[in-house]
Amino acid sequence: MPALTPAQEQVISLLATGTTLSAAAGAAGVHRNSIAHWRRTVPAFAHALAAAQYDRVLHWRDLAEEHASIAITTIRDLMADPNTPASIRLKAALALLKECTTLPPPVPVNDNLRRHVADLAASAAFVPEGMPDPEPLCTPAESEIVHISAQSPEPRAHETLTTFRRTSPKTGRNDLCPCGSGQKHKRCCLQAMAA
């Protein structure tokens, strides 16, 4: 990976400590568009900047976790205090509910994980001699239901498929009605069938 220029290193250190983009560019003696250009075209700069910002986020997260118990106590006190305005108590309750009911993002499933799960399933199916059989996950009746529902719908043996064939050509909407009224089909019998 190519070495960064002194200006790029200075910008990274400033942005990692929370300096704004314009202030970091001014301190390094470059235009703020140069930083955007480096992000797009210099992989080493983009990687170093992302790592610095990630470390900064972890630092602030650690500090926040140290004070999380105080924050929860404060929210609880606000919700319990009758002198607190109702809107503040509602916002505190909603913030707490959102935090405790928001699930973490799902773990991405890659091919290695799929293979690992398949290996576990295969090893679980193997029972050494002398060991009791593992308990089934469902009863035989439930297993049969699952098996039947998983099958593709096929005709039963006693059912025979027959092709429908018209005895007369299909009557179009704008053709003369086959009843002999002289009107178009859509104005005569088709309209009666729809009603």
request  = Look at Arg61 and say whether it is exposed (fewer than 13 other Cβ atoms within 10 Å of the Cβ), at pLDDT 85 or above and assigned to a helix (DSSP H, G or I).
outcome  = no
message = I'm checking my understanding of the structure. Among residues of the range 66-84 that are surrounded by fewer than 10 Cβ atoms within 10 Å (Cβ to Cβ) and not in a helix (DSSP H, G or I), which one is modelled with the highest pLDDT?
response = Asn83
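The values are calculated or read from the model by the stated rules, or taken from the named source; none is laboratory data. Just so it is clear, the structure is predicted and the values come from calculations on it, not from any experiment. All Cβ positions, even for glycine, are placed from backbone atoms using ideal geometry, and neighbour counts span all protein chains on display.
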